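Peer 1: One structure follows; several queries about it will come next.
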Amino acid sequence: MRRRAKKPKSRLRSIVITVILVSIGVHVVAALIAGAVIVARYFSESPAEFHATRDIRLPAKQREHKMNMAALDSMAPKPSFNDKMQSIRPSAFALPDLPKMDMDQMLPLDPSEIVSDQVSGLVGAAGIGSGLGTGNLGSGGKLGGTGLSFFGIESDGERILLAFDVSSSVVNKANRAGVPLSKIREETAALISKLPIGSRFGIVQFTQNYKPFAPELVPATDQNRADALEWIEKEWVDTGSMGTSKKVVSNPRGLVGVLELAAKMKPDTIFLISDASFQWKPPDPKKSKALVETIPWKEIKNAADKKSLGECKIHFIGFEIKPDDRREVGSIIRSSGGKLREIK
């Protein structure tokens, strides 16, 4: 009986042992397979993988203030140095020799032209140059050194204002002299296109009212010169009358008002083209029956003196100037250090 009771227990034990052995065998086989797979990975090439990643770039933060300041600095004219090096005693160094120039290419001076120019400059009242004709107008805007030339008047300056009387009397006299306002427009465009970058310029046309290119003198940058040439092409008045528009400034004071505008611009050189016959609306209508009358020369001199314009040279280019007006204009020109040229 006892032997029969032990048989089930031994059978159960053998079953458990068998299950354990089988489990251990399965794990051993799985471990061998896993090890083989892992070892095989080192010897087999990995497949190519392609990944598309999103490239996120943040824009650089703009420093608006610094950019605006840099743009403002770039608009300012570059400083120019015009002074010549001088010495009153021998120095420790020597300047290089001047380069050799081909003398055959230089044009000889004609003494007769020099004498005739000096004599014609003395023609007129009080030694004021006149009667030069249209043959010696020169190339408007031709630069020589640091100076410039406009209708044969040589001058220097870095703040230039061009003022044109475009009244009907000036238009008629200029046409008779063979220098119509279209020719003056061409000479003006030539002058502006050749101004140095360090200079400033302004343009104003007037009859009694006036039309300025800009309310102040602008630097002679490429953009400003291009804008001025476009203004000359589109806004130039050559009909003898100036209609009312937003660009035309009402000015009952005539030339006096134009000189007051020039005083605000602070030029050091003014080229004024006119026939020296200026009108305005009388400031006191009760004392004058006329709606328009001639401006007293005393008022013009006060507006053109050094108290108003400072050290500014006024050059006058005139057409058919009356003797009395020539004498008054000459007084203003001489006091400013300018020049007068009458085209006949």
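The values are calculated or read from the model by the stated rules, or taken from the named source; none is laboratory data. What you see is a predicted model, and the numbers here were worked out from it, not measured in a lab. Cβ atoms come from the backbone with ideal geometry, glycine included; neighbour counts cover every protein chain shown.
Peer 1: Can you find even one residue in region 319-326 that is of a type in the set (Asp, Glu) and at positive phi?
Peer 2: Yes, region 319-326 contains a residue that is of a type in the set (Asp, Glu) and at positive phi.
Peer 1: Do we have residue 203 as modelled with pLDDT of 95 or more and either more than 21 Å from residue 309 (Cα to Cα) or assigned to a strand (DSSP E or B) (or both) here?
Peer 2: Against the criterion (modelled with pLDDT of 95 or more and either more than 21 Å from residue 309 (Cα to Cα) or assigned to a strand (DSSP E or B) (or both)), residue 203 qualifies.
Peer 1: State yes or no: is residue 94 loosely packed, with under 10 Cβ neighbours inside 10 Å, modelled with pLDDT under 65 and aliphatic (A, V, I, L, M)?
Peer 2: yes
Peer 1: I need every pair where a residue in region 217-243 that is of a type in the set (Phe, Trp, Tyr) has its Cβ under 7 Å from the Cβ of a residue that is part of a loop (DSSP other than H, G, I, E, B), sequence separation at least 6 or different chains.
Peer 2: 231/213
Peer 1: Next question, about the same structure. Being within 17 Å of residue 271 (Cα to Cα) and out of contact with any strand residue (DSSP E or B) (no Cβ under 6 Å at 6 or more places or on another chain) is the requirement here; does residue 232 meet it?
Peer 2: Here the answer is yes, as residue 232 does meet what is asked.
Peer 1: Restricting the first residue to region 316-344 and requiring it to be in contact (Cβ under 8 Å) with a residue 40 or more places away in the chain and closer than 23 Å to residue 160 by Cα, which pairs with a second residue that is outside any loop (DSSP other than H, G, I, E, B) and of a type in the set (S, T, N, Q) meet a Cβ separation below 7 Å and a spacing of at least six or different chains?
Peer 2: Within 7 Å, the pairs are 318/274.
Peer 1: Any residue that is crowded, with 19+ Cβ neighbours inside 10 Å and closer than 28 Å to residue 292 by Cα - is there at least one of those in region 181-201?
Peer 2: Within region 181-201 (the criterion being crowded, with 19+ Cβ neighbours inside 10 Å and closer than 28 Å to residue 292 by Cα), the answer is yes, since at least one residue qualifies.
Peer 1: To continue, here is another question. Considering region 144-194 alone, what residues qualify as being closer than 16 Å to residue 341 by Cβ and assigned to a loop (DSSP other than H, G, I, E, B)?
Peer 2: Result: 151, 152, 177, 178, 179.
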